[in-house]
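Here is the structure we will look at.
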Amino acid sequence: MSAPAPPRILLLEDDPAIARTVAFTLQREGLAVEQVLLLGEARRLLLAGPLPALAILDIGLPDGNGLALCRELRQSGQSALARLPVMMLTAHNEEIDRVLGLELGADDYLSKPFSPRELVARVRALLRRAALQALPAERAAPLFELDEAGQRVHFSGQPLALTRLEYGLLRALLAAPGRILSREALFSAVWGPHSEAIDRTVDTHVKTLRAKLRAQRPELELIATHRGMGYELVLPPAAH
Ligand code: CA
């Protein structure tokens, strides 16, 4: 089995240094990049198809303005072209104003200079969003079906055999798809903000410790329980 073809990105950028950085960064992420220098080339490629997964368009180009191409795409009668994810590369704040203010239909923009990390994050986000929008069938038959009452999950139409804690973890992850959940957040989501699991572990060990102390000095109550708060070691006056 061959691996699926990597998503293809059309990059319209006439500045060789920026184009190189963008191409290198995205290729390192496993994406295929097709770079063109001229508006005319980009237009030809887009009209000829097959369409890329995303178009990254510079604004100031030798043969015109990238915003014009974005507008053409959005006004295109072809729905695939009209829906093509577009990210504009802007060099000036005035351009950002125009991208946003004129509502030319770009999905996102990056101001130069930008970090490779920011580029990758934005591109990934756009590709994810486009993939979700392109899958109405998938949404009709969701990948995960959660039965909250029965604490069961169907995955891809099949029941998933999960422990209670695995169920809790998956449930917490499903509640926030596309978001990074810290270990603390997951712990708190699964075990509760005031963790009974921690309490029980502590309780168990306090109990065995208490038993060992009592075995030697049954007349002393050395470990006091404070309900809802914790434990206290209470030393008799003579022992201070
Ligand atoms: Ca340029």
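Identify, by number, the condition in (1) away from the ligand (no atom under 16 Å from the Cβ); (2) of a type in the set (A, V, I, L, M, F, W, C); (3) not in a loop (DSSP other than H, G, I, E, B) that L51 doesn't meet.
Among (1) away from the ligand (no atom under 16 Å from the Cβ); (2) of a type in the set (A, V, I, L, M, F, W, C); (3) not in a loop (DSSP other than H, G, I, E, B), L51 violates only (3).
Tell me, which residue of segment 17-47 that is away from the ligand (no atom under 16 Å from the Cβ) and in a loop (DSSP other than H, G, I, E, B) is surrounded by the fewest Cβ atoms within 10 Å (Cβ to Cβ)?
Checked segment 17-47; the qualifying residue surrounded by the fewest Cβ atoms within 10 Å (Cβ to Cβ) is G30.
Looking at segment 106-133, I want the residues that are of a type in the set (D, E) and have a partner that is assigned to a helix (DSSP H, G or I) and surrounded by 17 or more Cβ atoms within 10 Å (Cβ to Cβ) with Cβ atoms under 8 Å, at least 6 apart or on another chain. Which pairs are those?
D107/L126; D108/R122; D108/L126
Of the residues L57, L67, only one is within 14 Å of the ligand (Cβ to nearest atom), crowded, with 20+ Cβ neighbours inside 10 Å and within 27 Å of the chain's Cα centre (by Cα); which?
Values: L67 fails: within 27 Å of the chain's Cα centre (by Cα).
Answer to the check: L57.
Could you tell me which numbered condition P62 fails, if it satisfies all but one of (1) closer than 20 Å to R129 by Cβ; (2) within 14 Å of the ligand (Cβ to nearest atom)?
(1)
Please verify whether segment 8-16 includes one or more residues that are over 17 Å from A125 (Cβ atoms), surrounded by fewer than 20 Cβ atoms within 10 Å (Cβ to Cβ), among the hydrophobic types (A, V, I, L, M, F, W, C) and touching a residue at least 12 places away in the same chain (Cβ under 8 Å).
No, there is no match, as no residue in segment 8-16 is over 17 Å from A125 (Cβ atoms), surrounded by fewer than 20 Cβ atoms within 10 Å (Cβ to Cβ), among the hydrophobic types (A, V, I, L, M, F, W, C) and touching a residue at least 12 places away in the same chain (Cβ under 8 Å).
Pairs please, first residue from segment 181-194 and surrounded by fewer than 14 Cβ atoms within 10 Å (Cβ to Cβ), second anywhere and modelled with pLDDT under 70, Cβ atoms under 7 Å, 6+ apart in sequence or on different chains.
none
The values are calculated or read from the model by the stated rules, or taken from the named source; none is laboratory data. Keep in mind that this is a model prediction, so the values were computed, not measured. Counting neighbours? That spans all protein chains shown, and the Cβs are built from the backbone with ideal geometry, glycine included.
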